[in-house]
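K.L.:
Provided herewith is a single structure, encoded as structure tokens, for subsequent inquiry.
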Amino acid sequence: AKADGRGTYRFFETGMDARAQARRLLEMDLRAALGRNEFEVHYQPIRDVASDRVVAFEALSRWNHPQRGLISPVAFIPLAEETGLIVQLGEQVLRNACADAATWPEEIGVAVNLSPVQFKNPNLVASVTEALAASGLAAERLELEITESVLLQNSEATLAILHELRAQGVRISLDDFGTGYSSLSYLRSFPFDKIKIDRSFVSELSTREDSMAIVRAVTGLGRSLGIATTAEGVENDAQLELLRREGCTQAQGYLFSAPRPASEVVMMLAKPRLR
Ligand code: C2E
Ligand code: CA
Ligand code: CA
Ligand code: CA
């Protein structure tokens with residue numbers, strides 16, 4: 001149990017079930033972790049399929065918990081979103097990712113995930129501008145990844161923000177493509193720079209005809225629209241070969257590398273492949 005601001009212990013309050021208690025503890029832990037800088041950014045290479053070169057790294061957050069070790073974002077992003085802490089966390093990720101990327105070769109970009117909740121923060125555009133200015137990173141090297149759910153909410157305001165970001169030179173990718181309700185209509189609502197094909201389609205490429213058909217359709221869509229397509233979760237050569245054949249422009253996945261700490265970026269750039 002922990003004390004709240006006034007020193008009263010609320011943890012054992014009646015009516016609070018075990019799940020709510022666990023959640024409250026995690027929330028307090030999360031809040032403290034932000035203050036203690038316990039979040040790290042790991043980087044996963046994104047490779048150009050034709051040239052086999054690394055073109056960018058995706059920034060993926062990890063919570064380096066003093067007792068529990070590295071915690072997956074799957075375990076804390078949802079709660080960070082519910083509590084609004086994602087705004088602060090997202091700003092930290094953005095600042096760290098831009099600062100790290102500024103030390104990489106100029107042709108290498110960085111992709112940062114943005115939560116729908118961050119779009120409700122009036123300072124989003126300013127925090128992107130600040131992260132770029134503080135790091136000296138050229139805006140063209142920053143990609144922001146958003147999911148369809150971002151466009152579901154208050155889409156006029158969201159579109160205005162996306163256009164403001166784009167006006168600065170930042171690129172915008174549509175993440176997890178194909179998993180939502182009406183992916184195609186979102187492609188018409190904003191001129192995205194890239195479509196990321198969700199891992200669920202890639203993992204079944206060689207075993208399910210329908211996944212193959214969907215990947216083929218999405219890469220074709222990217223070609224018609226003149227934008228890049230990135231396949232996520234590429235784990236084996238058979239998948240890479242099928243993606244290459246379909247003209248998918250970029251690939252990312254354990255076949256090349258899992259997300260690794262910033263200190264290993266140089267090594268990931270030097271080695272064609274590592275697992
Ligand atoms: P995502 O944006 O779709 O990121 C891709 C996820 O797939 C990452 O999981 C990555 O480690 C994993 N992955 C990459 N290649 C492979 C592969 O070959 N096989 C398999 N099985 N998995 C692969 P991770 O790092 O656990 O992140 C999970 C999700 O958490 C992300 O999905 C993203 O939605 C969210 N997330 C992570 N960091 C941030 C962040 O800084 N901000 C926000 N808003 N969300 C984040
Ligand atoms: Ca992503
Ligand atoms: Ca994704
Ligand atoms: Ca995802």
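The values are calculated or read from the model by the stated rules, or taken from the named source; none is laboratory data. Bear in mind the structure is a predicted one, so any value in this text is a computation, not a measurement. Here the Cβ is made from the backbone with ideal geometry for all residues, glycine too, and neighbour counts use every protein chain on show.
K.L.:
Among (1) farther than 25 Å from Phe192 by Cα; (2) not aromatic (Phe, Trp, Tyr); (3) not in a loop (DSSP other than H, G, I, E, B), which single condition is Gln118 missing?
P.N.:
(1)
K.L.:
Does Trp104 satisfy the criteria of being part of a loop (DSSP other than H, G, I, E, B) and either touching a helix residue (DSSP H, G or I) at 6+ places or on another chain (Cβ under 7 Å) or among the hydrophobic types (A, V, I, L, M, F, W, C) (or both)?
P.N.:
The answer is yes for Trp104.
K.L.:
Just name the residue that is farthest from Leu269 (Cα to Cα) out of those in the range 1-43 that are among the acidic types (Asp, Glu) and at pLDDT below 60.
P.N.:
For the range 1-43, the residue satisfying everything is Glu13.
K.L.:
For the subset of the range 164-181 comprising residues that are part of a loop (DSSP other than H, G, I, E, B) and under 17 Å from the mean Cα position of the chain (by Cα), which member is farthest from ligand 3 (Cβ to nearest atom)? Even if it seems obvious, please write down each step before you answer.
P.N.:
Of all residues in the range 164-181, those part of a loop (DSSP other than H, G, I, E, B) come to 168-170, 178-181.
So of that shortlist, the ones also under 17 Å from the mean Cα position of the chain (by Cα) come out as 170, 178-180.
On the way: Val170: 18, Gly178: 10, Thr179: 9, Gly180: 12 Å.
Looking at residues that are part of a loop (DSSP other than H, G, I, E, B) and under 17 Å from the mean Cα position of the chain (by Cα), I get Val170.
K.L.:
Output the residue which, of all residues in the range 49-72 that are within 16 Å of ligand 2 (Cβ to nearest atom), buried (at least 20 other Cβ atoms within 10 Å of the Cβ) and of a type outside the set (A, V, I, L, M), is farthest from Asn37 (Cα to Cα).
P.N.:
Among those that are within 16 Å of ligand 2 (Cβ to nearest atom), buried (at least 20 other Cβ atoms within 10 Å of the Cβ) and of a type outside the set (A, V, I, L, M), it is Phe57.
K.L.:
Between residues in the range 137-148 that are at pLDDT below 95 and residues that are away from ligand 3 (no atom under 11 Å from the Cβ), which pairs lie under 7 Å by C-beta distance while being six or more apart or on different chains?
P.N.:
Pairs found: Glu148/Gly180; Glu148/Ser183; Glu148/Tyr186.
K.L.:
Tell me yes or no: at least one residue of the range 77-91 is touching a Phe, Trp or Tyr at 6+ places or on another chain (Cβ under 6 Å), more than 18 Å from Ala131 (Cα to Cα) and surrounded by 16 or more Cβ atoms within 10 Å (Cβ to Cβ).
P.N.:
Within the range 77-91 (the criterion being touching a Phe, Trp or Tyr at 6+ places or on another chain (Cβ under 6 Å), more than 18 Å from Ala131 (Cα to Cα) and surrounded by 16 or more Cβ atoms within 10 Å (Cβ to Cβ)), the answer is no, since none of the residues qualifies.
K.L.:
Now, a different point. Considering (1) out of contact with any strand residue (DSSP E or B) (no Cβ under 6 Å at 6 or more places or on another chain); (2) of a type outside the set (Val, Ile, Thr); (3) in contact (Cβ under 8 Å) with a residue 12 or more places away in the chain; (4) away from ligand 1 (no atom under 13 Å from the Cβ), say which one Gln88 fails and leave the rest.
P.N.:
(4)
K.L.:
Continuing with this model, one more query. If you check every pair at least six apart or on different chains, which have Cβ atoms under 8 Å apart with a residue in the range 45-63 that is farther than 17 Å from Thr103 by Cβ first and a residue that is among the basic types (Lys, Arg) and in a loop (DSSP other than H, G, I, E, B) second?
P.N.:
Arg47/Arg53
K.L.:
Please verify whether the range 237-247 includes one or more residues that are surrounded by 18 or more Cβ atoms within 10 Å (Cβ to Cβ) and within 16 Å of ligand 4 (Cβ to nearest atom).
P.N.:
No: zero hits.
K.L.:
Out of the residues in the range 55-83 that are in a strand (DSSP E or B) and aromatic (Phe, Trp, Tyr), which is nearest to Ala20 (Cα to Cα)?
P.N.:
Only one residue tops the list, namely Trp63.
K.L.:
Checking His65 against (1) in contact with a strand residue (DSSP E or B) (Cβ under 6 Å, 6 or more places away or on another chain); (2) at pLDDT 95 or above; (3) farther than 21 Å from Gln252 by Cα: exactly one of these is not met. Which one?
P.N.:
Condition (2) is where His65 drops out.
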